[in-house]
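The values are calculated or read from the model by the stated rules, or taken from the named source; none is laboratory data. Since the structure is predicted, the reported quantities are computational estimates derived from the model, not experimental observations. Quick reminder, even Gly has a Cβ in these numbers, built from the backbone with ideal geometry, and neighbours come from all protein chains shown.
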């Protein structure tokens, strides 16, 4: 995989992306002060496999119906 990450003051901050060897997007993660805030993971064919948003403590947000 090929990746691109953004850092601020030595901590992950902003958007991080990874691509499969076939050029398709593999993942997109959003960080704030080195803490994961959201993630989107894809299959090699480009279909979305998993998506999640995270609380400040790092736990996944629970979606209310």
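Annotations for the structure displayed:
- Residue-level analysis places residue 33 among those that are on the phi > 0 side of the Ramachandran plot and over 11 Å from the mean Cα position of the chain (by Cα).
- Only a single item in (1) in a loop (DSSP other than H, G, I, E, B); (2) at pLDDT 95 or above is not met by residue 15, and it is number (1).
- Taking the listed residues 62, 28, the one that is assigned to a strand (DSSP E or B) and either out of contact with any helix residue (DSSP H, G or I) (no Cβ under 8 Å at 6 or more places or on another chain) or on the phi < 0 side of the Ramachandran plot (or both) is 28, with no other qualifying.
- Failed condition for residue 49, given (1) farther than 21 Å from residue 8 by Cβ; (2) assigned to a loop (DSSP other than H, G, I, E, B); (3) without any contact (Cβ under 8 Å) to a residue 12 or more places away in the chain: (2)
- Residue check: residue 40 meets all listed conditions (1) part of a loop (DSSP other than H, G, I, E, B); (2) modelled with pLDDT of 95 or more but one, namely (1).
- Residue count for the stretch 22-51, restricted to those that are over 15 Å from residue 4 (Cβ atoms), surrounded by fewer than 15 Cβ atoms within 10 Å (Cβ to Cβ) and in contact with a strand residue (DSSP E or B) (Cβ under 8 Å, 6 or more places away or on another chain): 9
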